[in-house]
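Below is one structure, written out as structure tokens; the observations come after it.
Nothing in this text is a laboratory measurement; each read-out follows from the coordinates by a stated rule. Small disclaimer: the values here were computed from a predicted structure and weren't measured. We place every Cβ from the backbone using ideal geometry, glycine too, and count neighbours over all the protein chains shown.
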Amino acid sequence: MRPTNIQEPEYFHKVVDCQHACPAHTPVPEYIRLIAAERYAEAYMINWESNVFPGILGRTCDRPCEPACRRGRVEEKPVAICRLKRVAADNKGDVKQYMPKGPFKPNGKKIALIGGGPASLTVARDLAPLGYEIHLYDEWYKGGGMMRTQIPSFRLPEEVLDEEVGYVIGLGIHTHFKHRVESMKEEILAKGYDAVFVGTGAPKGRDLKLPGREEAGKNVHIGVEFLANVAFEHIHKIGKKVIVLGGGNTAMDCCRTSRRIGGEDVKVIVRSPFKDMKASPWEIEDAQAEDIPILNNMPPKEYVIKDGKLAGMIFGKVRAEYDENGKRKLIPTGEPDEFVEADDVIIAIGQDNYFPWIERDLGIEFGKWDMPVLHKTTYQSTNPKVFFGGDAAFGPANIITAAAHGHQAAVSIHLFLQGKDVLADRPAPKTNLLRQKMGIHEWMYDNDVAPDKRYKVAHTDKRKALKNRKVEVELGFTTEEAFKEAERCLNCDVQTVFNTSRCIECDACVDICPTSCITFTTNGDEADLRTRLSAPALNTSQDLYVSDLLPATKRVMVKDEDVCLHCGLCAERCPTAAWDMQKYLYSVTKAGAVL
Amino acid sequence: MTYIKPIFRHPLLPKNKVGFTKKDYEGAISTLCAGCGHDSISAAIIQACFEMSVEPHKLAKISGIGCSSKTPTYFLGNSHGFNSVHGRMPSVTTGANMANRDLIYLGVSGDGDTASIGMGQFVHAVRRNVNMVYIVMNNGCYGLTKGQDSATADFGSISKASKTPSPFQGIDLVGLAMEMGATFVARSFSGDKSQLVPLIKAGMSHPGFAFIDCISPCVTFNNNKGSTKSYSYVRAHNEATSLLDFVPEEKEITMEYEEGASKEVVLHDGSVLLLKKLAPEWDPSDRLSAFSKVQEAKASGEILTGLLYIDLESKELHDLFGTTDTPLNTLREKELCPGSEALEVINAGRR
Ligand SMILES: Cc1cc2nc3c(=O)[nH]c(=O)nc-3n(C[C@H](O)[C@H](O)[C@H](O)COP(=O)(O)OP(=O)(O)OC[C@H]3O[C@@H](n4cnc5c(N)ncnc54)[C@H](O)[C@@H]3O)c2cc1C
Ligand SMILES: Cc1ncc(C[n+]2csc(CCOP(=O)(O)OP(=O)(O)O)c2C)c(N)n1
Ligand code: SF4
Ligand code: SF4
Ligand code: SF4
Ligand SMILES: [Mg+2]
């Protein structure tokens, strides 16, 4: 293999698994260390810079970082990254003093943001301090988008949402709430905005047209509409017996909401097997903990109407078969259909984008599935003035993805309005390697590896929680628990940096490494090298760090990054400091500096 | 300073025949200087015991005094251990071995511990062919007492402490062991585990005294320019007799070797040591050819490593004494005092 080029910003970035997996590339270990040091405000601000909604995300994030977390590869469970973020938000104190303060010197340019969800709010946060005049349109009476209309208060209290949406709006954003944009041409483009960002999400919930649907009428609800109606207090009650159709997170929110507004016998019914359900495992767990059974392999067949009223639904019985490509087929088992009683049915089987309000003669090209044609990096549409982001860009995802899109779209808009090339002139990420050595055997980071298992977050007593949909279920870590959980983090950003010319090949690092990461051997191609290392190196998604030829023996140092504990023992045992522990800071360049 | 090694290991660490991973053969974290050759030898011992599927409670590690003699703390944390007196490891091991012949004995010593204060003990253990592996972690100095030249420091070698070339001839422990009739003689280098690990394994399979003189640089006091026991000097002057592969009894020999250039040494327990010979006209089972090879290398200033000599007819001390197969420490009064009738028979035989 060629010697690894550690100057390439993505090499060490990949080693910080959590940060790499985070769509916004939040510097996770950096803020976890600050939490351990009880420096909550700084931990919060690092998050705020990266993802704009630390308090919201600390409760609701889809956490793509956690399955990626290295800790999960050396023991059972990853670090509770998401819940630690909430600790920073819960204990931060007054952080307004660290945020940019308006009024900002106007730069003379006007931008429209359509939709008030996390994507638009991120664009607003990044561009307002640069002097743009920003106009935000949303059909509802407050900002937040689906974070407000969809995510139930028992998962995300309104105060938390208001606070963090407020930080952005408070930067001097001109809001146009209760304004549903019906025509891009007349309401937006005609007003002469210099750039437009479309962050309208994927607002349309899918219906399920089966026999009886029309007669069932008002007792059949579309999940996203139902949740919005509950959030805005248009719905206060639901029948005792409720069927929720669908296996995603929306279904989980619908069933748990139903349990709080009158549903006593609430069932989730999914046509596919349990293991194929799209909902996050923790959301499924929380639903089950609220006595909501999940019935699988039951495709709905018809709504049953009795005396002109919905009485329940009929379901078939299937089993799943997978072909060699993993493609699934649901095959009827031949068992008789099953009737399940219900007063109400909630359909939570997916959402779609909705762009009839964008005229098709504006140079904004639409492609497959009636989705806008966009550049994957710049989020620019075929009309160079118009950018998309969040669920509106590539279909439904999550808040952190919306924020990540927002940052990139903001960069594009800023470049575009300065007359620069939105692709070629994009700034590289900022990186920095900082030596951690303090003394012969002392490091600036806590290199001990705590053996603790993942800590659980306490929940509100179930009876109390089910009585009021506004009572938050998760209580969050106490600061003591947070410290212990933070100590589980392996500091994957503290990199092992190897200096070939210093190495005397004493093997001390090989001998001490607890997880057998290091090997000195003759060079070969990657597939070959992987078979000759100190321990099996089967995880090919993790890189091998290969040195130059060592002068004395013409071998190379090969380090499998996979399960490195970042304990620093190689560097402690190295007599010549050929290994050094250096903290790698990688930060996605934003349109304007926040911190 | 990190005093505790993290508890986590590679999740795919293989298990050996007795169900252990390498972790089960580790000891406490080392307190030796970073980069000390001794730590690499400890790692080789761990590797060899893991690969040999040694049950940790069936092994005793015994040492004298010195940095080298401290190492048993850093390996085989689940085995028996005796950190004895300076130079007295051979007699303590001999005694233990006499009492319980069922354990594997691993003696760890230094060049000071063996070639100076323990010299008298060493030669007698060799001569008696005590069934043990005897490893000298040879750094040419007294590391623990701050690096004074030891008796194995070569003539003219300069250490950090002495600063002047050694005026004495160094004692060649390999030559001495052969002279004293050792039945297994090897030399190795802490920086070459691919050679050291099979040697330790073969030594454990050998019935009798298995001597391994392992050059082990002292990074702190004897890794300087002018030293003949530094990493760079040993690498530059290392001449291996052969490439080694240890094949345990139950494994099939799969490696192919050229005719003539290779030799299979079938050990007492049926395991095979495959030698891919690099030195022609040398036969490790022939004492004379081994002797002359060692002398030749010495004269040309090379450090000859690998298996140097093995006596395939070796009879260890218990065989020589004809002691009972049952370890003496498990014999009961009934067996030890068979009664006056048996005494009568013995006495009658003496008349
Ligand atoms: C039930 C449910 C639960 C969810 N839970 C989570 C969760 O726990 N964690 C997570 O990360 N994600 C969750 N999501 C997904 C997440 O809410 C979205 O991915 C995210 O909000 C998308 O952000 P956005 O900025 O693209 O748009 P949105 O948040 O959808 O905001 C778009 C806004 O634009 C408005 N709008 C649309 N069209 C117009 C128009 N023409 N004129 C004016 N306004 C318009 C919409 O009403 C909405 O307010 C959930 C989604 C649902 C449906
Ligand atoms: C009876 C006695 N004499 C002298 C000493 C002092 N002493 C301790 S270690 C040592 C030499 C150790 O040298 P070596 O065996 O080569 O071990 P190294 O530290 O080099 O590994 C000496 C002389 C002692 N501990 N006991
Ligand atoms: S252990 Fe810490 S730094 Fe490493 S991936 Fe997990 S959270 Fe990130
Ligand atoms: S401990 Fe240092 S000098 Fe020794 S082999 Fe490792 S990197 Fe090289
Ligand atoms: S003094 Fe020398 S022999 Fe002793 S631990 Fe340090 S390097 Fe090793
Ligand atoms: Mg010594």
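The angle separating the long axis of helix B:340-350 from the principal Cα axis of greatest extent in chain B is about 70 degrees.
For chain A, compute Rg over Rh where Rg is the Cα radius of gyration and Rh is the Kirkwood radius from the inverse mean 1/r over Cα pairs. In chain A, Rg relative to Rh is 1.00.
Set the Förster radius R0 to 56 Å, insert the Cβ-Cβ distance between residue A:369 and residue A:440 as r into 1/(1 + (r/R0)^6), and round the FRET efficiency to 0.05.
Values: r = 61 Å, r/R0 = 1.09.
Rounded to the nearest 0.05, the efficiency is 0.35.
Give the residue list of chymotrypsin sites (Phe, Trp or Tyr not before Pro) in segment A:446-529 that are DSSP loop and have at most 12 other beta-carbon atoms within 10 angstrom.
Details: sites: A:455, A:477, A:483, A:498, A:520; in loops: A:455, A:477.
In loop regions of segment A:446-529 (DSSP not H, G, I, E or B), there are no sparsely surrounded chymotrypsin sites (Phe, Trp or Tyr not before Pro).
What separates the Cα centres of segment A:567-595 and segment A:348-376 is a distance of 43 Å. Tally Lys and Arg at +1 and Asp and Glu at -1 over the other residues with C-beta under 10 Å from the C-beta of residue B:150: what net charge comes out? Once all neighbours under 10 Å are counted, the net charge is -2.
By definition, a body whose alpha carbon gyration tensor gives a ≥ b ≥ c is prolate when a/c is 1.5 or more and a/b is larger than b/c, and segment A:287-424 fits this prolate description.
Restricting the trypsin sites (Lys or Arg not before Pro) of segment B:131-194 to loop positions (DSSP other than H, G, I, E, B) with no more than 11 neighbouring Cβ atoms within 10 Å leaves B:146, B:163. Taking other residues whose beta carbon is less than 12 angstrom from the beta carbon of residue A:408, and scoring Lys, Arg as +1 and Asp, Glu as -1, yields +2.
Considering only DSSP beta bridges where both residues belong to the protein assembly as shown, give the percentage that are antiparallel (nearest 5).
In the protein assembly as shown, approximately 50 percent of DSSP beta bridges are antiparallel ones.
Might you report the magnitude of the Cβ-based charge dipole of segment A:464-530 about its Cα centre, with Lys and Arg at +1 and Asp and Glu at -1, to the nearest 20 debye?
My answer is approximately 700 debye.
Counting DSSP beta bridges with both partners in segment B:136-281, what percentage is antiparallel, nearest 5? Numbers along the way, then the final one.
Numbers: 13 of 22 bridges.
Counting only bridges with both partners in segment B:136-281, antiparallel ones make up about 60 percent.
Computing FRET efficiency as 1/(1 + (r/R0)^6) for residue B:236 and residue B:100, where r is the C-beta to C-beta distance and R0 is 41 Å, gives about 0.40. Does segment A:205-350 come out rounded, prolate or oblate by the C-alpha gyration tensor, with a ≥ b ≥ c the root eigenvalues, rounded set by a/c under 1.5 and, if not, prolate when a/b is larger than b/c and oblate if not? It comes out oblate by the Cα gyration axes. Ellipsoid fit via the Cα gyration tensor, segment B:22-330: semi-axes of 27, 24, 19 Å, each the root of five times an eigenvalue, largest first.
Summing +1 for each Lys or Arg and -1 for each Asp or Glu, what net charge is found among the other residues whose Cβ lies under 12 Å from the Cβ of residue A:5? With Lys, Arg at +1 and Asp, Glu at -1, the neighbours total -3. Each residue of segment A:524-534 is assigned a 3J(HN,Hα), and the resulting list reads x, 7, 4, 4, 5, 4, 4, 8, 10, 9, 4 Hz, derived from the Karplus form 6.51 cos²θ - 1.76 cosθ + 1.60 (θ = phi - 60°), x at Gly and Pro. For an R0 of 41 angstrom, estimate the FRET efficiency from the Cβ-Cβ distance between residue A:97 and residue A:236 and round to the nearest 0.05. So the FRET efficiency works out to roughly 0.50. Can you tell me what share of the DSSP beta bridges in segment B:22-330 is antiparallel? A percent to the nearest 5 is fine. The answer is about 40 percent antiparallel. Here the sum of -39500 (n - 2.57) over DSSP H runs of 4 or more residues, divided by the residues of the protein assembly as shown, equals -8000 deg cm²/dmol at 222 nm, to the nearest 500.
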